[in-house]
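**Student:** Would you mind keeping the following structure in view while I ask a few things?
The values are calculated or read from the model by the stated rules, or taken from the named source; none is laboratory data. For clarity, every value in this text was computed on a predicted model and none was experimentally measured. Quick reminder, even Gly has a Cβ in these numbers, built from the backbone with ideal geometry, and neighbours come from all protein chains shown.
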Amino acid sequence: METLLGLQEHQQLTDEQHTKIIRKEVQQASKVIRAKYAFLKHQNSIGFLIFAISIAMILLSAVLYLKGTIGWIMVAISVAFWTSLLHELEHDLIHFMYFKKNKFMQDLMMLGVWLFRPMTINPWFRRDLHFHHHRVSGSKTDVEERGVTNGEKWGFKRLLTTADIFLGGVLRANIVRKDIIDAVKKGELPKEQALMFKKSKIYGMMPFTLALYFIWYFFLIHYSIHYISVFFHLGYESSAFIQAQFKWINPLVAILIFPNLLRMFCLHFITSNMHYYGDVEVGNIMQQTQVLNKWYFLPFQIFCFNFGSTHAIHHFVVSETFYIRQLTASKAHKVMKEQGVRFNDLGAFGRANRYFEFNR
């Protein structure tokens, strides 16, 4: 009888009340962890240590590859893993979690996480996009998530653009632009915010992202033509000048471009499917995300630092660092599940990430 009454009371709670319960329990779990491990109070030092170690390991991997000690598969795995930590650091830096009172150190770290993940948007531009994401998660103007395929039907186009933010931006530019203009006309989006989206699109991928995508496409086209020529016995040979360029392009692809594309594919696959889109009530955190933590997501989680399992926690408690979320995940998951947050809602893959049934 008591269990039945408790269930009825639970069902009568609003999503806002569920959110408050989750937030309180997660914050309490964080306090317990911080009290247990005194070194966690040195947040700036921990962040910089992770930053320094990650960059050192990336550089070491590159040196070992260039010396022939490890092959391209090992360097890709290593760099993809360590840059996944830099992505989490970037996310924390966007929320001012390290060196909040030291702009030089914060900007230094922001620059560093960008230089070693140079196929991403400029993090200073991303900060505005990310704050907007938290305000309107799951809506048509949630440009950050839409930019990584959230809300689209699964098919060849979505698969192709899951890692490729440049091609994805080109292919979905018109529809996103129309949605933003429509939101401005309806008063749902300030003109200033729309202008910031435009600036991010024009300048956010300069100079590194555009240059590296150009090199990547050149690499793909060159070798596609080469292998087609060999297969069909066409006898095509590229010029000596072009062949000479691959003395530096091949190592660049192996050390930097391909590992980042691998990492981005894993991250974007997870984040675009753990965030709901389209029929989400604005401001309702209970409807914004799900937790993806089944064993078969592990190959993706390795290269986005367990993002699918822990990022939903961030939507409830924004101010915690990524490594604290890892430490409190078990307790956070328990209360989240009790309060109705969805876990491993695989049906969302077929609903184009709608929270409810996809309205065709």
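**Student:** Answer yes or no as to whether Asn250 is more than 20 Å from the chain's Cα centre (by Cα), under 30 Å from His133 (Cβ atoms) and not charged (D, E, K, R).
**Tutor:** No.
**Student:** Please state which of the following conditions Leu111 fails to meet, knowing it meets all the rest: (1) in a helix (DSSP H, G or I); (2) in contact (Cβ under 8 Å) with a residue 12 or more places away in the chain.
**Tutor:** For Leu111, the failing item is (2).
**Student:** Follow-up question, since we're still on this one. Taking region 43-97 as the region of interest, how many residues are touching a residue at least 60 places away in the same chain (Cβ under 8 Å), surrounded by 19 or more Cβ atoms within 10 Å (Cβ to Cβ), under 21 Å from His314 (Cβ atoms) and not hydrophobic (A, V, I, L, M, F, W, C)?
**Tutor:** Selection size over region 43-97: 8.
**Student:** In addition: Among the residues of region 156-197, which ones are surrounded by fewer than 16 Cβ atoms within 10 Å (Cβ to Cβ) and farther than 23 Å from Val282 by Cα?
**Tutor:** Scanning region 156-197 gives Phe156, Lys157, Leu159, Leu160, Leu167, Val170, Leu171, Ala173, Asn174.
**Student:** For the condition within 25 Å of Met274 (Cβ to Cβ), modelled with pLDDT of 95 or more and either assigned to a helix (DSSP H, G or I) or in contact with a Phe, Trp or Tyr (Cβ under 9 Å, 6 or more places away or on another chain) (or both), what is the one hit in Leu167, Leu129?
**Tutor:** Checking each option against the conditions leaves just Leu129.
**Student:** Please determine whether any residue of region 208-231 is modelled with pLDDT of 90 or more, part of a helix (DSSP H, G or I), buried (at least 16 other Cβ atoms within 10 Å of the Cβ) and of a type in the set (Ser, Thr, Tyr).
**Tutor:** yes
**Student:** If you don't mind, another one. On the given criteria, is Phe131 surrounded by fewer than 19 Cβ atoms within 10 Å (Cβ to Cβ), over 19 Å from Glu192 (Cα atoms) and not charged (D, E, K, R)?
**Tutor:** No.
**Student:** Same structure, new question: It is to be established whether one or more residues within region 49-57 are of a type outside the set (A, V, I, L, M, F, W, C), touching a helix residue (DSSP H, G or I) at 6+ places or on another chain (Cβ under 9 Å) and in a helix (DSSP H, G or I).
**Tutor:** Checking region 49-57: at least one residue is of a type outside the set (A, V, I, L, M, F, W, C), touching a helix residue (DSSP H, G or I) at 6+ places or on another chain (Cβ under 9 Å) and in a helix (DSSP H, G or I).
**Student:** While we're on this one: Starting from residues that are in a helix (DSSP H, G or I) and hydrophobic (A, V, I, L, M, F, W, C), keep the ones in region 185-203 and report whichever is modelled with the lowest pLDDT.
**Tutor:** The extreme case among them is Ile202.
**Student:** Residues in region 31-39: is at least one over 24 Å from the mean Cα position of the chain (by Cα) and either surrounded by 14 or more Cβ atoms within 10 Å (Cβ to Cβ) or within 19 Å of Leu267 (Cα to Cα) (or both)?
**Tutor:** yes
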